[in-house]
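Input: a single structure, listed below in structure tokens.
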Amino acid sequence: MTDIQAVKTALRLQQIELPSWAFGNSGTRFKVFAQQGVPRNPYEKIADAAQVHAFTGVSPSVALHIPWDQVDDFTDLAKHAASYGMRLGTINSNVFQDNDYMLGSVTNPDPRVRRKATDHLLECVDIMDATGSRDLKLWFSDGTNYPGQDDTRERQERLATALAEVYERLGDDQRFLLEYKLFEPAFYTMDVPDWGTALVHCLALGPKATVVVDTGHHAPGTNIEFIVAMLLRAGKLGGFDFNSRFYADDDLMVGAADPFQLFRIMWEVRRGGGLDPALGVAFMLDQCHNIEPKIAAQIRSVMNVQEATAKALSVDSDALAAAQRNGDVLGANAVIMDAYNTDVRPLLAELRAEMGLDPDPVAAYQRSGYLESIVADRVGGAPAGWGA
Ligand code: LRH
Ligand code: MN
């Protein structure tokens, strides 16, 4: 029998970090549809993120993206966040939007451009010192579009050189999360295309170098939970950029496109000890709400992660282990499917009530009138976006 109290305790401990950029306008190359009430600066983004935490109780931190969230005083921004019961989380570097980076950032053939890109990464660590953030997330859009465009081996040497310099700069309680992505914006090679490449670079550096799994960054049909099991086994799973997709890097709400895959991932997280906060696995959302109301979508996304986690916690692991030991293929699969087919929504509603929250966070938020108030207040100024 599932120990309901243990499940509730684990769910209370789980924290899901929110991406500041999800509250701003976003879109595709075809169109960015502006929405009313969108924040105009990081202070307003944090106020919106605080709404998600107020109604879910499990998302007390906001990841920042530099320079999209550049401010004069990050210590003041941290105080602002604290005034909402929030803290500033992962610092995301951005070496993908400057003209100088057309042929790469830290892998660019031009040493002047490599220096510029590496200096940005080091500046992000300075910001971490001011915000008290533990994690620096490194995603490189670096790659090539045509065979022969550049020397693949040489680009890896350039990448390793930059990563080593950043690694040296990290404080004792800081680490970086290296993010891989199969393609886009480059379409022949990406310099960090897969978990193997990211892991090789991290193993070459040391314990402060970890890998982040963005669930939208794999080839269709990739068994992501296998990658999660392997990274946990290697002690190199730094965290997740959660979202979902039907085709490519769609950045849709996590669990919306493939809730069964999210469950399988959370089962491997549980199986590998990744739900223990001491292991330091960061659960982050990395999404774009191009057409849907952004704050409500973030609340729904947090709930989707909670539901997948609660189902994973409902797996009768002893029965599963016994069936696996006995080669009982159907029996073992049935244990997993029973957990997946368990309706955990009543348990989560009960838990929210015990946490003093409304059992239905989205409905409670929509009743709060917050959206109407920001639409009325946020008149004028430039709505936040990707600045692309
Ligand atoms: C790249 C990525 C990366 C972020 C960006 C917002 O596709 O997943 O994590 O910097 O999205
Ligand atoms: Mn990502």
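The values are calculated or read from the model by the stated rules, or taken from the named source; none is laboratory data. Please read these numbers as outputs of a predicted model, since none were measured by experiment. Glycine also receives a Cβ, built like all others from the backbone with ideal geometry; neighbour counts cover every protein chain displayed. Surface areas here come from the heavy atoms of the whole protein model, side chains and all, with no ligands, DNA or RNA. Shrake-Rupley method; radii C 1.70, N 1.55, O 1.52, S 1.80 Å.
Some notes on this structure:
- The listed residues are Gln156, Gln174, and the only one of them that is under 18 Å from the mean Cα position of the chain (by Cα) and more than 16 Å from ligand 1 (Cβ to nearest atom) turns out to be Gln174.
- Note on segment 171-208: residues that are touching a helix residue (DSSP H, G or I) at 6+ places or on another chain (Cβ under 8 Å) and farther than 24 Å from Asp151 by Cβ amount to 5.
- Every residue from segment 169-185 that is buried (at least 19 other Cβ atoms within 10 Å of the Cβ) and within 16 Å of ligand 2 (Cβ to nearest atom): Phe176, Leu177, Leu178, Glu179, Tyr180, Lys181
- Any hit, segment 16-23, residues being buried (at least 18 other Cβ atoms within 10 Å of the Cβ) and more than 23 Å from Gln174 (Cβ to Cβ): yes
- Checking Lys294, Lys311 one by one, the residue that is modelled with pLDDT of 95 or more and more than 16 Å from ligand 1 (Cβ to nearest atom) is Lys311 and no other.
- Residue in segment 233-251 that is more than 16 Å from ligand 2 (Cβ to nearest atom), closer than 21 Å to Tyr167 by Cα and surrounded by fewer than 16 Cβ atoms within 10 Å (Cβ to Cβ) present: yes
- Out of Gly37, Gly27, one residue alone is over 26 Å from Ala282 (Cβ atoms) and under 20 Å from the mean Cα position of the chain (by Cα). It is Gly27.
- Scan of segment 368-388 for residues that are outside any helix (DSSP H, G or I) and either of a type in the set (D, E, K, R) or open to solvent by less than 50 Å² (accessible area, probe 1.4 Å) (or both), ordered by number: Gly369, Arg378, Gly380, Ala384, Gly385
- All positions within segment 51-66 that are open to solvent by 10 Å² or more (accessible area, probe 1.4 Å) and more than 16 Å from ligand 2 (Cβ to nearest atom): Gln51, His53, Ala54, Phe55, Gly57, Pro60
- Any hit, segment 145-161, residues being within 16 Å of ligand 2 (Cβ to nearest atom), under 29 Å from Gln287 (Cβ atoms) and surrounded by 13 or more Cβ atoms within 10 Å (Cβ to Cβ): no
- Scope segment 196-229; condition part of a helix (DSSP H, G or I) and surrounded by fewer than 17 Cβ atoms within 10 Å (Cβ to Cβ); matching residues: Gly196, Val200, Leu203, Phe226
- Where Arg87 falls short, out of the listed (1) within 16 Å of ligand 2 (Cβ to nearest atom); (2) under 19 Å from the mean Cα position of the chain (by Cα); (3) not hydrophobic (A, V, I, L, M, F, W, C): (1)
- Close contacts from segment 197-214, counting a first residue that is at positive phi and a second that is away from ligand 1 (no atom under 16 Å from the Cβ), with Cβ to Cβ under 7 Å and a gap of 6+ residues or different chains, come to Gly206/Tyr167.
- For segment 60-95, residues that are of a type in the set (Phe, Trp, Tyr) and part of a strand (DSSP E or B) total 0.
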